[in-house]
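Participant: Structure in structure tokens, see below.
The values are calculated or read from the model by the stated rules, or taken from the named source; none is laboratory data. Remember, it's a predicted structure, so these values are computed and weren't measured experimentally. Here the Cβ positions follow ideal geometry from the backbone for every residue, glycine too, while neighbour counts run over all protein chains shown.
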Amino acid sequence: MTTLFGLGQGLFLALYTGQVYSLFKLLPPQDGPLFYGIGSGLVLGLLIVGLIASVFHLGHPKKALGALTQWRTSWLSREAILLPVLLFLVFLYGGLHLLNWKPVLFSIGEGVQIDLTLMIGGVATLVCFGLYLATAMIYASLRLLQEWATPLTVINFLLLGGASGFTLATTFAMTSAPQLVEFYGTWAIVITLTGFCSRGISLYRNSQLRYQSKLQSAIGIRHDQIRQLHQGAMGGNFNTKEFFHGREAELLQQIQWGFLILGFILPILLLTVGLVMETIELLTAAVLIQYTGLLLERWFFFADSKHPQNLYYRATNQHC
């Protein structure tokens with residue numbers, strides 16, 4: 001869900017960035033309305049598939065609408081409100097481009113005309129950044145999970161979504177707007193490299209954490225020597241299934257290296273060679289490999305967090 005949302009938002013930001021650059025004559029204008037119209041359709045498709053995926057992890061889907069009422073205190077509620085707003089704005093943005101109906105609202109200086117699509121796209125851009133923030137803060141606001149409770153969580157969600165979106169925009173431009181391939185590809189490399197540095201910093205930070213919770217605080221007994229011999233239950237329960245991944249440390253290490261290579265290193269190489277050789281196959285491979293890497297990264301993001309309650313269930317977790 002989060003990777004699809006990030007990819008869709010990143011693609012829209014790439015489309016709108018290209019339009020703004022064209023407005024100020026920094027890029028050649030796109031031919032016809034299809035580039036933005038079809039591109040917006042791709043954005044809508046990614047966001048809708050992500051929305052469908054989000055339903056499957058809800059314990060009680062029928063209560064999902066109740067989340068909308070908690071927007072004052074819940075980042076999840078804010079995400080649930082911003083997503084349909086973004087869907088509506090992207091639909092308008094793409095539809096107006098397809099209809100080629102772009103009435104000029106006002107002008108800036110000489111020759112810079114602000115039309116309706118630019119205004120809608122600007123509002124949608126703000127909503128995109130708000131949605132990135134809301135999605136990331138669902139996790140960054142949980143202070144008990146020290147791996148998540150850092151501004152790096154927000155930065156990584158933004159950079160990884162932006163990197164994948166601009167990489168997809170590079171491949172899309174190769175098919176419909178070749179004059180933009182170098183622009184999108186260069187930005188995709190820059191954002192991916194920045195995301196690699198940011199994610200690397202977060203990995204180092206997490207490896208140096210000193211955890212605030214201990215076995216004594218987990219069970220409420222202040223004694224220097226405590227040894228847990230049994231879980232205290234006949235089998236697993238909700239806590240042992242939902243808050244612990246049950247995988248060996250070696251597998252986590254392999255997945256970490258996997259997402260660093262697939263999500264960052266290989267895409268940068270493929271984008272660089274693909275731009276030089278102007279080969280759509282390499283650019284398409286960069287999209288697919290990077291998204292696979294980001295799926296691994298998001299799984300690792302969840303699995304790497306050490307929930308304090310697992311201190312209580314340590315005897316079970318060690319034998320998962």
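Participant: Kindly indicate the residue of the stretch 260-299 that is acidic (D, E) and more than 30 Å from F244 (Cβ to Cβ) and also modelled with the highest pLDDT among those meeting that condition.
Facilitator: Across the stretch 260-299, the extreme among qualifying residues is E281.
Participant: In the stretch 90-103, what residues are farther than 10 Å from L44 by Cα and either touching a Pro at 6+ places or on another chain (Cβ under 8 Å) or part of a helix (DSSP H, G or I) (or both)?
Facilitator: L92, Y93, G95, L96, H97, L98, L99, N100
Participant: I need a count of the residues in the stretch 258-294 that are out of contact with any helix residue (DSSP H, G or I) (no Cβ under 6 Å at 6 or more places or on another chain), within 17 Å of A169 (Cβ to Cβ) and of a type in the set (A, V, I, L, M, F, W, C).
Facilitator: 1
Participant: Would you mind telling me which numbered condition in (1) closer than 26 Å to G95 by Cβ; (2) of a type in the set (A, V, I, L, M, F, W, C); (3) at pLDDT 80 or above L68 fails?
Facilitator: The number of the failed condition is (3).
Participant: Name every residue in the stretch 113-172 that is free of Cβ contacts under 8 Å to residues at least 12 places away in the same chain, closer than 22 Å to L260 by Cα and either assigned by TED's automatic domain parsing to the domain that holds G95 or part of a helix (DSSP H, G or I) (or both), in order of residue number.
Facilitator: Correct list: P151 only.
Participant: If you don't mind, another one. Of everything in the stretch 289-309, what is among the aliphatic types (A, V, I, L, M) and farther than 14 Å from L4 by Cβ? Give them in sequence order.
Facilitator: Within the stretch 289-309, I289, L296, A303 meet the criteria.
Participant: Taking the stretch 101-153 as the search range and keeping residues that are acidic (D, E) and out of contact with any Ser or Thr (no Cβ under 9 Å at 6 or more places or on another chain), which one is modelled with the lowest pLDDT?
Facilitator: E110
Participant: Oh, and also: Identify, please: which residue in the stretch 1-57 is outside any loop (DSSP other than H, G, I, E, B) and either polar (S, T, N, Q) or in the same structural domain as I189 (by TED's automatic domain parsing) (or both) and is, among those, surrounded by the most Cβ atoms within 10 Å (Cβ to Cβ)?
Facilitator: Q9
Participant: Go through the residues of the stretch 157-174 one by one and say whether even a single one is touching a helix residue (DSSP H, G or I) at 6+ places or on another chain (Cβ under 6 Å), modelled with pLDDT under 95, within 19 Å of L288 (Cβ to Cβ) and surrounded by fewer than 23 Cβ atoms within 10 Å (Cβ to Cβ).
Facilitator: yes
Participant: State yes or no: is W101 buried (at least 16 other Cβ atoms within 10 Å of the Cβ) and in the same structural domain as S40 (by TED's automatic domain parsing)?
Facilitator: No: the conditions fail for W101.
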